[in-house]
Amino acid sequence: MNQPRVVLDANIYISGLVYGGVPRAVLVMARAGDLVLCVSAPIQEEVESTLSEKFSWPPEQIHQACSPYWKIAHMVETTTSLKLISADPDDDRILECAVDGEADIIVTGDDHLLRLNLSPKQPPIDRIRIMTPRQFLDEQHS
């Protein structure tokens, strides 16, 4: 089976790095090479700024925590511009990375993104599955 191309929402990196649990298990899969991790500069910036501003992590700690993921990730240069989530335009950056990175799956804990599964998805995101970390792990281990 081919490894899925996956975009992790910033909240997955942050939850996994700060709290552990199921999001950390997804990060472990990425580090093990069980998926193709796709990331864009806006996602990297959101992860790093949140760790700095909300959790007061010093730059060296952020670098040590994040750089292993940035090194293994497929860096996506986004050219698509979407305006699908008016309640939180930052969520559109996740969708743009998934579209331009030709991702199969977005893993997120964000309700705005997860709600997109409840209505018929339109191109260019119609082929991308959006799931919680638990759903993703359950599917990968089934």
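The values are calculated or read from the model by the stated rules, or taken from the named source; none is laboratory data. This is a predicted model, so every value here is computed, not measured. Heads up, the Cβs are rebuilt from the backbone with ideal geometry, glycines too, and the neighbour counts pull from every protein chain shown. With ligands, DNA and RNA removed, areas are computed over all heavy atoms of the protein, side chains included. Shrake-Rupley method; radii C 1.70, N 1.55, O 1.52, S 1.80 Å.
Observations on the model:
- Within the range 25-34, the set of residues being open to solvent by 10 Å² or more (accessible area, probe 1.4 Å) and among the aliphatic types (A, V, I, L, M) comprises ALA25, VAL28, MET29, ALA32.
- Residue-level check: of (1) under 18 Å from CYS38 (Cα atoms); (2) assigned to a loop (DSSP other than H, G, I, E, B), LEU137 misses just (2).
- Once the range 85-101 is narrowed to residues that are without any contact (Cβ under 8 Å) to a residue 24 or more places away in the chain and part of a loop (DSSP other than H, G, I, E, B), the residue that is least open to solvent (accessible area, probe 1.4 Å) is PRO89.
- Which numbered condition ILE105 misses (of (1) open to solvent by less than 80 Å² (accessible area, probe 1.4 Å); (2) over 24 Å from VAL18 (Cβ atoms); (3) not charged (D, E, K, R)): (2)
- Among the criteria (1) over 18 Å from ILE128 (Cα atoms); (2) open to solvent by 10 Å² or more (accessible area, probe 1.4 Å); (3) in contact with a Lys or Arg (Cβ under 6 Å, 6 or more places away or on another chain), the one THR50 does not fulfil is (3).
- Subset of the range 62-84 (residues that are open to solvent by less than 60 Å² (accessible area, probe 1.4 Å) and of a type in the set (A, V, I, L, M, F, W, C)): ILE62, ALA65, CYS66, TRP70, ALA73, VAL76, LEU82
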